[in-house]
Ligand code: F6R
Ligand code: MG
Ligand code: MG
């Protein structure tokens, strides 16, 4: 029998702007899931928040993309939204982009990461949940966890990891995916995933037996809605130990608060700060972007835990570095590379500004004929 872990999240409104989820909405969602557990639809669940995102962590025996599970999550978000509206929470119902559920929650707004596996005798997993950033924020940590021996000693030391891993990389603009093998193809892999706004590591498999090792939510709200509607604060599930990287190897990349896209208005680069649940909220400039990590054991389909893995002085230095980086980069104000590049500003007011100024741009004698690169990557002559 296989067990499925489903992590489904949505921002359905929050307290004090986009600061954090209100406990009453957590309760509302929990009530829906408790009833579903009583009926045997799910085996167990844990509801929490990453900043202003409501997180449903569920285990069941129905496989990934199961309509009943997705509808359950949808119902939980709808019930939580009712409470959010009653309390006048900010941006109530924000991520529920549709009124009607039609079998699959993907494409409706919420983020989804699910994996199905045959449980090992002991099955440790880590669920990462980030706020004020995007799915590609996990590209760098995933590379380090599954492809970098300077991070993961097991790649060198443990014969079960020694063959390496397969990365499934999604092109979120084209809706295409490619599988790349590590270590053989790491340069090609890095060439893609170094552009985290477009190429997102969706899944990682162990090469020797194609066992699922990690999965990331890859929804991009703006690409669904065609306009800026908030960042796509991502979640990720990683399996650890005995044949996978150890929990400490899975956490290690987060000791480096790398720069990610998101933060204020989803339009700025900032450091990803690892925090415990007590700091799972945002403040300064609506950030800085944060990530929590909850460890569970999965036994007979049941979630045992959680362990609040970043709630540890061992990550104090990463948090301090994140503050220093935040100070430094904030001083750039509206300048790149703090503010995101033009292709990422496409869903904000930038196109309107350009439209308004269009007729005020006058030709200038450059002494050469400039070639512009359009978003398609093709060079074109300027008229
Ligand atoms: C970023 C985020 C916030 C909001 C900002 C403006 O993901 O959620 O930084 O973008 O607080 O919010 P509105 O436009 O709702 O006033
Ligand atoms: Mg919000
Ligand atoms: Mg959020």
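Values in this text are rule-based calculations from the coordinates and carry no lab data. Since we're looking at a predicted model, the values are computed, not measured.
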Gyration tensor (Cα) of segment 64-104, equivalent ellipsoid semi-axes in angstrom: 22, 10, 7
Overall Cα dimensions of segment 284-332 - principal axes, largest extent first, Å: 51, 22, 11
Gaussian network model of the chain, springs between alpha carbon atoms under 10 Å - residue of 275, 47, 201 with greatest fluctuation: 47
Rounded to 10°, Cα long-axis angle of helix 316-330 versus longest principal axis of the chain: 20 degrees
For segment 21-69, fraction of C-alpha pairs farther apart than 18 Å, in %: 31 percent
Percentage relative contact order, segment 180-307, counting C-alpha pairs under 8 Å, at least six apart: 12 percent
Computed over the chain: relative contact order in percent, which uses C-alpha pairs under 8 Å that are six or more apart: 17 percent
On Cα atoms only, tilt of 67-86 relative to the major axis of the chain in degrees: 70 degrees
Taking only Cα atoms of segment 107-160, radius of gyration then Dmax in Å: 14.6, 43
Largest-first principal axis extents, alpha carbons of segment 247-383, Å: 67, 36, 25
Semi-axis lengths, Å, segment 196-257, gyration tensor of Cα atoms, sqrt of 5 times eigenvalues: 28, 15, 8
Fluctuation leader among 18, 269, 332 - the chain, Gaussian network, Cα springs under 10 angstrom: 332
Cα-Cα pairs of segment 1-112 separated by more than 22 Å (percent): 25 percent
Value of relative contact order over segment 1-134, rounded to a whole percent, pairs C-alpha under 8 Å and six or more apart: 37 percent
Dmax and Rg, reported as Rg then Dmax, of segment 267-348 (C-alpha, Å): 16.4, 52
Residue among 39, 362, 132 with the largest mean-square fluctuation in a Gaussian network model of the chain, springs linking Cα atoms under 10 Å: 362
Ellipsoid semi-axes in whole angstrom, largest first, where each is sqrt(5λ) of the Cα gyration tensor of segment 58-138: 26, 17, 13
Rg over Rh [alpha-carbon atoms, Kirkwood Rh] for segment 140-285: 0.98
Overall dimensions of the chain as given by Cα atoms, namely Rg and Dmax in Å: 21.2, 75
Dimensions (Å) - segment 228-292, Cα atoms, principal axes, largest first: 41, 23, 19
Bins of 5 Å from zero: percent of alpha-carbon pairs in segment 113-225: 2, 11, 22, 24, 20, 12, 6, 2, 0, 0
